[in-house]
1. Explain nothing, just compute: Karplus ³J(HN,Hα) = 6.51 cos²θ - 1.76 cosθ + 1.60, θ = phi - 60°, for every residue of the range 67-81 in order, whole Hz, x for Gly and Pro.
2. When all protein chains stay in place, what accessible area (Å², nearest 10, 1.4 Å probe) is found for GLU70?
3. Pick from ASP68, ASP36, ASP25: which residue has the top mean-square fluctuation in a GNM of the chain where Cα pairs under 10 Å get a spring?
4. If one computes the Cα centroid of the range 76-127 and of the range 1-66, what distance in Å separates the two points?
5. What residue among LEU34, LEU53, LEU100 shows peak mean-square fluctuation when the chain is described by a Gaussian network model with Cα springs under 10 Å?
6. Sorted by accessible area (1.4 Å probe), largest first, how do ARG111, ARG124, ARG13, ARG93 line up?
7. For the chain, what is the Kirkwood hydrodynamic radius in Å, using each pair of distinct C-alpha atoms?
8. What length, rounded to one decimal in nm, is gained on full extension from ARG57 through to LYS41, with 0.36 nm per residue of separation minus their alpha-carbon distance?
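The values are calculated or read from the model by the stated rules, or taken from the named source; none is laboratory data. Since we're looking at a predicted model, the values are computed, not measured. Ideal geometry is used to build each Cβ from the backbone, glycine not excepted, and the neighbour counts take in all protein chains shown. With ligands, DNA and RNA removed, areas are computed over all heavy atoms of the protein, side chains included. Shrake-Rupley method; radii C 1.70, N 1.55, O 1.52, S 1.80 Å.
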Amino acid sequence: MAVLWHHGRAAIRQVLGDFSFVRWDPTLGHLLVLRDALGVKPLFYVTLSHCTLVSDRLDCVGDEQRPDREFIADFLVAGGDPASTHTIWANARRVPSGGLLEVKAGRVTQRIYWSANEFEPCGRGDE
């Protein structure tokens with residue numbers, strides 16, 4: 001956390017381990033949400049008209065009265081899509097593996113900061 005706080009977004013790709021965390025900067029009104037590259041630690045969010053809620057537990061942010069029919073159909077037909085951000089609840093989303101979520105002035109943006117599909121192995125090595 002200290003490295004990210006001091007060096008900012010430039011250090012995100014260097015953070016290793018199993019983690020999910022939220023950083024709120026009250027001076028900028030900026031929320032930064034990160035999930036580890038392999039998606040070991042879960043992280044969910046819901047955007048409401050007046051706030052964004054984030055939790056490592058889906059039952060804390062999901063509306064159990066509104067199931068996501070698309071998610072259920074995809075799960076039943078194809079076993080689910082690991083790249084999807086949909087959850088069983090229509091209002092809640094999953095921060096994807098290697099995902100970064102930012103909320104500033106009520107605007108939510110999401111991107112992938114690390115993906116195995118874009119990983120370049122080191123060109124040198126030995127046995």
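1. Here the 3J(HN,Hα) series is x, 8, 5, 5, 4, 4, 4, 5, 5, 5, 7, 10, x, x, 10 Hz.
2. Spelled out: GLU70, probe radius 1.4 Å, area about 120 Å².
3. Maximum fluctuation in the GNM of the chain, among the listed residues, is at ASP25.
4. Distance between centres, Cα-based: 12 Å.
5. LEU53
6. Details: ARG111 95, ARG124 190, ARG13 135, ARG93 55 Å².
Reading off the accessible areas and sorting them downward yields ARG124, ARG13, ARG111, ARG93.
7. Working: mean 1/r = 0.0624 Å⁻¹.
Averaging 1/r across every pair of different Cα atoms and inverting gives 16.0 Å.
8. Numbers: separation 16, 0.36 × 16 = 5.76 nm, distance 1.02 nm.
Contour length minus Cα-Cα distance gives 4.7 nm.
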